[in-house]
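The values are calculated or read from the model by the stated rules, or taken from the named source; none is laboratory data. Predicted model only: the values in this text are computed from it and were never measured. Here the Cβ positions follow ideal geometry from the backbone for every residue, glycine too, while neighbour counts run over all protein chains shown.
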Amino acid sequence: MRLIRLLNKPQDIAAMSRILKLEIMYRLITAQNGDVLYHTVLSHYQERGVNDAIQWIKQHYAEPMSIEKLARQVRMSVSALHHRFKATTVMSPLQYQKQTRLLEARRMLMAGGVEAATVAYQVGYESPSQFSREYRRLFGASPLQDVEYLRQHVVE
(Lines give C-alpha, C1' and ligand atoms only; values in the text may rest on other atoms or scores of the structure.)
Protein backbone atom coordinates (compact mmCIF):
# COMPACT_ATOMS: atom_id res chain seq x y z
CA MET A 1 0.00 0.00 0.00
CA ARG A 2 2.84 2.38 0.79
CA LEU A 3 4.20 1.93 -2.72
CA ILE A 4 0.80 2.63 -4.25
CA ARG A 5 0.35 5.70 -2.04
CA LEU A 6 3.47 7.17 -3.63
CA LEU A 7 1.35 7.83 -6.70
CA ASN A 8 -0.31 10.61 -4.70
CA LYS A 9 3.11 12.13 -3.93
CA PRO A 10 5.09 12.13 -7.20
CA GLN A 11 7.89 14.16 -5.58
CA ASP A 12 8.62 11.17 -3.25
CA ILE A 13 8.71 8.47 -5.94
CA ALA A 14 12.41 8.87 -6.83
CA ALA A 15 13.54 8.68 -3.21
CA MET A 16 11.13 6.09 -1.81
CA SER A 17 10.13 3.65 -4.56
CA ARG A 18 13.45 1.78 -4.66
CA ILE A 19 13.52 1.40 -0.87
CA LEU A 20 9.95 0.13 -0.78
CA LYS A 21 10.58 -2.33 -3.60
CA LEU A 22 13.62 -3.69 -1.75
CA GLU A 23 11.50 -4.08 1.38
CA ILE A 24 8.86 -6.00 -0.58
CA MET A 25 11.52 -8.32 -2.01
CA TYR A 26 13.03 -8.85 1.42
CA ARG A 27 9.65 -9.73 2.93
CA LEU A 28 8.82 -12.12 0.10
CA ILE A 29 12.16 -13.93 0.36
CA THR A 30 12.12 -14.18 4.16
CA ALA A 31 8.47 -15.32 4.31
CA GLN A 32 7.46 -18.97 4.58
CA ASN A 33 8.48 -20.71 1.32
CA GLY A 34 10.51 -17.64 0.38
CA ASP A 35 13.37 -19.94 -0.57
CA VAL A 36 11.20 -21.36 -3.37
CA LEU A 37 10.64 -17.86 -4.74
CA TYR A 38 14.35 -17.08 -4.42
CA HIS A 39 15.40 -20.22 -6.33
CA THR A 40 12.74 -19.63 -8.98
CA VAL A 41 13.92 -16.07 -9.57
CA LEU A 42 17.57 -17.16 -9.54
CA SER A 43 16.85 -19.95 -12.03
CA HIS A 44 15.00 -17.53 -14.33
CA TYR A 45 17.87 -15.04 -14.12
CA GLN A 46 20.41 -17.73 -14.99
CA GLU A 47 18.28 -19.03 -17.87
CA ARG A 48 18.10 -15.47 -19.21
CA GLY A 49 21.89 -15.34 -18.99
CA VAL A 50 22.19 -18.53 -21.04
CA ASN A 51 19.75 -17.17 -23.63
CA ASP A 52 21.76 -13.95 -23.82
CA ALA A 53 24.95 -15.99 -24.27
CA ILE A 54 23.37 -18.03 -27.06
CA GLN A 55 22.26 -14.87 -28.85
CA TRP A 56 25.73 -13.35 -28.50
CA ILE A 57 27.36 -16.47 -29.95
CA LYS A 58 24.91 -16.54 -32.88
CA GLN A 59 25.63 -12.89 -33.68
CA HIS A 60 29.42 -13.07 -33.17
CA TYR A 61 30.22 -16.69 -34.10
CA ALA A 62 33.15 -15.70 -36.34
CA GLU A 63 34.89 -13.70 -33.58
CA PRO A 64 37.30 -15.14 -31.04
CA MET A 65 35.40 -15.91 -27.84
CA SER A 66 36.57 -15.70 -24.26
CA ILE A 67 34.35 -17.58 -21.83
CA GLU A 68 35.38 -15.16 -19.07
CA LYS A 69 34.25 -12.14 -21.10
CA LEU A 70 31.05 -13.86 -22.16
CA ALA A 71 30.25 -14.75 -18.54
CA ARG A 72 30.82 -11.14 -17.46
CA GLN A 73 28.66 -9.87 -20.30
CA VAL A 74 25.72 -12.08 -19.29
CA ARG A 75 26.35 -11.42 -15.58
CA MET A 76 27.14 -14.99 -14.57
CA SER A 77 30.16 -16.70 -13.10
CA VAL A 78 32.19 -18.80 -15.53
CA SER A 79 31.22 -22.02 -13.74
CA ALA A 80 27.51 -21.11 -13.59
CA LEU A 81 27.50 -20.16 -17.28
CA HIS A 82 29.24 -23.38 -18.26
CA HIS A 83 26.97 -25.55 -16.09
CA ARG A 84 23.70 -23.85 -17.12
CA PHE A 85 24.71 -23.58 -20.78
CA LYS A 86 25.49 -27.28 -20.95
CA ALA A 87 22.24 -28.15 -19.15
CA THR A 88 20.30 -26.08 -21.69
CA THR A 89 22.11 -26.94 -24.94
CA VAL A 90 23.87 -30.23 -24.10
CA MET A 91 27.18 -28.65 -25.11
CA SER A 92 29.67 -26.12 -23.81
CA PRO A 93 29.68 -22.53 -25.10
CA LEU A 94 32.80 -23.29 -27.17
CA GLN A 95 31.20 -26.39 -28.67
CA TYR A 96 28.10 -24.34 -29.45
CA GLN A 97 30.21 -21.69 -31.18
CA LYS A 98 32.01 -24.38 -33.19
CA GLN A 99 28.73 -25.95 -34.28
CA THR A 100 27.30 -22.54 -35.18
CA ARG A 101 30.40 -21.78 -37.27
CA LEU A 102 30.21 -25.10 -39.09
CA LEU A 103 26.48 -24.80 -39.80
CA GLU A 104 27.01 -21.31 -41.18
CA ALA A 105 29.95 -22.58 -43.27
CA ARG A 106 27.74 -25.33 -44.67
CA ARG A 107 25.08 -22.77 -45.57
CA MET A 108 27.67 -20.56 -47.28
CA LEU A 109 29.12 -23.48 -49.22
CA MET A 110 25.64 -24.54 -50.36
CA ALA A 111 25.01 -21.00 -51.63
CA GLY A 112 28.02 -21.51 -53.90
CA GLY A 113 30.59 -19.24 -55.43
CA VAL A 114 33.11 -19.51 -52.60
CA GLU A 115 35.88 -21.97 -51.80
CA ALA A 116 36.05 -23.97 -48.57
CA ALA A 117 39.27 -22.23 -47.45
CA THR A 118 37.66 -18.81 -47.86
CA VAL A 119 34.58 -19.92 -45.94
CA ALA A 120 36.83 -21.28 -43.18
CA TYR A 121 38.30 -17.82 -42.61
CA GLN A 122 34.93 -16.09 -42.91
CA VAL A 123 33.40 -18.18 -40.13
CA GLY A 124 36.35 -17.63 -37.82
CA TYR A 125 38.80 -20.47 -38.38
CA GLU A 126 42.47 -19.61 -38.56
CA SER A 127 43.38 -22.79 -40.41
CA PRO A 128 41.55 -24.38 -43.36
CA SER A 129 42.88 -27.80 -42.34
CA GLN A 130 41.41 -27.45 -38.83
CA PHE A 131 38.15 -26.32 -40.43
CA SER A 132 38.10 -29.39 -42.71
CA ARG A 133 38.83 -31.77 -39.80
CA GLU A 134 36.06 -30.32 -37.67
CA TYR A 135 33.65 -30.16 -40.61
CA ARG A 136 34.28 -33.84 -41.36
CA ARG A 137 33.83 -34.73 -37.68
CA LEU A 138 30.41 -33.01 -37.55
CA PHE A 139 28.99 -33.84 -40.98
CA GLY A 140 30.82 -37.09 -41.81
CA ALA A 141 32.43 -35.84 -45.03
CA SER A 142 34.81 -33.15 -46.23
CA PRO A 143 33.21 -29.79 -47.04
CA LEU A 144 33.34 -30.39 -50.79
CA GLN A 145 32.02 -33.97 -50.57
CA ASP A 146 29.24 -32.91 -48.22
CA VAL A 147 28.08 -30.03 -50.39
CA GLU A 148 28.23 -32.15 -53.52
CA TYR A 149 26.14 -34.86 -51.84
CA LEU A 150 23.61 -32.33 -50.51
CA ARG A 151 23.22 -30.69 -53.90
CA GLN A 152 22.59 -34.05 -55.59
CA HIS A 153 20.29 -35.59 -53.01
CA VAL A 154 18.58 -32.81 -51.08
CA VAL A 155 18.21 -29.88 -53.46
CA GLU A 156 16.65 -31.91 -56.31
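Side notes on the structure shown:
- Of all residues in the stretch 69-96, those satisfying the criterion of being under 17 Å from Phe139 (Cβ atoms) and part of a helix (DSSP H, G or I) are Gln95, Tyr96.
- Test result for Val114, aliphatic (A, V, I, L, M), out of contact with any His (no Cβ under 8 Å at 6 or more places or on another chain) and modelled with pLDDT under 95: yes
- Looking across the stretch 127-156 at every residue that is outside any helix (DSSP H, G or I) and aliphatic (A, V, I, L, M), the one that is nearest to His60 (Cα to Cα) is identified as Ala141.
- Taking the criterion of being surrounded by 16 or more Cβ atoms within 10 Å (Cβ to Cβ) and more than 30 Å from Glu148 (Cβ to Cβ), the only residue of the stretch 90-114 that qualifies is Pro93.
- Just one of the numbered conditions (1) surrounded by fewer than 18 Cβ atoms within 10 Å (Cβ to Cβ); (2) at pLDDT 95 or above; (3) not in a helix (DSSP H, G or I) is not true of Gly124: (1).
- Among the residues of the stretch 107-121, those that are in a helix (DSSP H, G or I) and either small (Gly, Ala, Ser) or in contact (Cβ under 8 Å) with a residue 40 or more places away in the chain (or both) comprise Met110, Ala111, Ala116, Ala117, Ala120.
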